[in-house]
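Read the figures in this text as sums done on the coordinates, not as results from a lab. Fair warning: this is a prediction, and the values are worked out from it, not measured in the lab. Here the Cβ positions follow ideal geometry from the backbone for every residue, glycine too, while neighbour counts run over all protein chains shown.
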Amino acid sequence: MWCKGSFADADGPTHKYMQSTPGCWAAFGRVLAREYEDQRFFSVHRLTVDAYAVQHPGVPSRQSIQSVGVHLIRLCLTLESGLLPAQANEAMISAAKHKSRFRWLEPPASLGPLTIADVEAACGADEHIAVVRNWANQMWEVWSPYHQAVRTWASAQS
Ligand SMILES: [Zn+2]
């Protein structure tokens, strides 16, 4: 299952379990490079990673189950619980200790219109940050059939 982004044809690597086209994976790499270069992006960097991961869930495997699980947990804690990025990250790491409880969540039929292509096309930091926030909210929304499962995983005590 691919995201709806359109990307220039490219040959190149893709991720082992976050399945995408090579063009999409390359765009993700360019966006991450942009975010690492400029601290204005630090506030949304983890949302970019989370949104990308859950928009590219791949096929059932231990790694993809854990990846979708931890990234949905961090989206939940950031967008729903309002945790700051560092807090959400700590809580995600803590919840991930219980990842053996995670199960495969059949991806929703639609993963939404926004993709990494929209982030890459943003002009300037303000627009980039706004697009990432919209994209992350979209991704949390499209996975809504599983919000209860994710909240349970997110609240697991160590
Ligand atoms: Zn994609």
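Numbers at a glance
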{"item": "Full-stretch length increase - residue 151, residue 101 - with 0.36 nm per residue and alpha-carbon distance subtracted", "result": "16.7 nm"}
{"item": "Semi-axes of the equivalent ellipsoid for the stretch 18-158, Cα gyration tensor, largest first, Å", "result": "24, 17, 13"}
{"item": "Spin-label pair residue 121/residue 144, simplified geometry with 7 Å Cα→Cβ offset, distance in nm", "result": "2.5 nm"}
{"item": "Helical contribution to [θ] at 222 nm, DSSP H n ≥ 4, -39,500 (n - 2.57), averaged over the chain, rounded to 500", "result": "-18000 deg cm²/dmol"}
{"item": "Fewest-first sequence of 2, 140 by Cβ atoms within 10 Å of each Cβ", "result": "2, 140"}
{"item": "Under the Karplus curve 6.51 cos²θ - 1.76 cosθ + 1.60, θ = phi - 60°, whole-Hz ³J(HN,Hα) for the stretch 106-116, x wherever Gly or Pro sits", "result": "4, x, x, 4, 10, 9, x, x, 6, 9, 4"}
{"item": "Top of 118, 50, 126 by mean-square fluctuation, Gaussian network on the chain, Cα under 10 Å", "result": "126"}
